[in-house]
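Values in this text are rule-based calculations from the coordinates and carry no lab data. Predicted model, so just to flag it, every value in this text is computed and none were measured.
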Amino acid sequence: TAVSDPEAAGLAEDGMNVTGTSDLLPLKEQVAMIRELMPEAKNLGESIFGENRPQELRDKHPVIEGATWHLIGHLQTNKVKYIAGKAGLIHSLDSVRLAAEIDKQCTKLGAVQDVLVEINSDKSHSVR
């Protein structure tokens, strides 16, 4: 995996990271839980939190200081606007169309977005 700025993306130099995720709780409870866990996570050298819903990443990003957010779920092109410039890393770039939308939204913000590209190694054709 090549990332333009591993530190900005919240990645350790050795390539190993633990990404905390929270789900199935109301947003207010998730934020409280993450705030409570942040000091301990930082003591362990971790501050990466994963979110699989773009709107929740958008809502959590400004209220939890010191966290690096990774989008770990599927990303639809119409939801890129919610996370452009906020996600340290998008784990699910799976189409040229999505790449173009990420570029478009980041260009508006003057931001650079690190992504992990999904490659279909199967010989069958992708639907996307």
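The table below lists the values:
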{"read-out": "Per-selection Kirkwood Rh - the stretch 45-128 (Cα, Å, 1 d.p.)", "value": "13.3"}
{"read-out": "Karplus-derived 3J(HN,Hα), 6.51/-1.76/1.60, for each residue of the stretch 105-112, Hz, glycine and proline x", "value": "5, 5, 4, 4, 8, x, 10, 10"}
{"read-out": "Filter on LYS28/LYS108; LYS60/LYS86; LYS60/LYS108; LYS79/LYS104; LYS81/LYS108 - keep pairs with C-alpha separation over 20 Å", "value": "LYS28/LYS108; LYS60/LYS108"}
